[in-house]
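So the structure is just underneath, and the comments pick up after that.
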Amino acid sequence: DLVILGTHGRRGMERLLSGSEAEALIYHCDRPVLTVGPAAVPPRGNTWLLDQIICAAAPGTYSAKAAAYGYRLAEENRASFTLFYAEDPGSPPSPGSWQEFEDAFDKELPGGEAQHCQIQGYFSNESPAADIVEAAKKSQADLIVLGAKHAIPGSTHFRWGVLPEVLRHAPCPVLTINSH
């Protein structure tokens, strides 16, 4: 049901030579992957309770599945759910792509499920990874939920995007849901 692993958060030459086994698994696994990075703080009282869940959503449809998964997890644990809207400043979304996300999110939660708990939203378009990590720190998040797209071979050696930065700096575990 779930794959759990740790990551070193490699950078620079070490990443170029070794790549990231954690990212390779995240991008190719058909199960949710829970990753504990080097900056993750041990749980309070040595018991991991989900009180605060933050989910980063991107424009378009691919992150809706992860957002719905995170939302349901928050409901099951009676946790607070924060939906963090993140855009890549290098590639602005097409018009209507946020509406595409919202429509896909509603389809993933049929019957108005999303109305059962409060969804707080943040918006970032400066440095999404840094903003996601900062929001997780401020809210004392117990879990960050991200969607993951399928990656091309070799990208875990050269990729410098949102996922590797969040994994490296997240103050809590990161749950990734592959969109395929």
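Label-point separation (nm) for H28 and N46, each offset 7 Å from Cα along Cα-to-Cβ?
For H28 paired with N46, the spin-label model returns 3.7 nm.
Take the Cα radius of gyration of region 29-89 and divide it by 2.2 N^0.38 Å, with N its residue count; two decimals is plenty. Present the calculation step by step, with values, prior to reporting the outcome.
Details: Rg = 13.1 Å, N = 61, 2.2 N^0.38 = 10.5 Å.
That ratio works out to 1.25.
Determine the order of I177, I4 by accessible area, beginning with the largest, at a probe radius of 1.4 Å.
On the way: I177 10, I4 115 Å².
Reading off the accessible areas and sorting them downward yields I4, I177.
Ranked by accessible surface with a 1.4 Å probe, highest first, in what order do V174, V162 come?
On the way: V174 0, V162 60 Å².
Listed by decreasing accessible area, they come as V162, V174.
What does the net charge come to around T82 if you take all other residues with beta carbon closer than 14 Å to its beta carbon, with K and R at +1 and D and E at -1? Mind showing how you got there, number by number?
Numbers: positive: K137, K138; negative: D51, E75, D131, E134, D142.
Here the count lands on -3.
The values are calculated or read from the model by the stated rules, or taken from the named source; none is laboratory data. Being a predicted model, the structure only gives us computed values, none of them experimental. A quick note on method: Cβ atoms are made from the backbone with ideal geometry, for glycine too, and the neighbour counts reach across all protein chains shown. Accessible surface areas use protein heavy atoms only, side chains included; no ligands, DNA or RNA. Shrake-Rupley method; radii C 1.70, N 1.55, O 1.52, S 1.80 Å.
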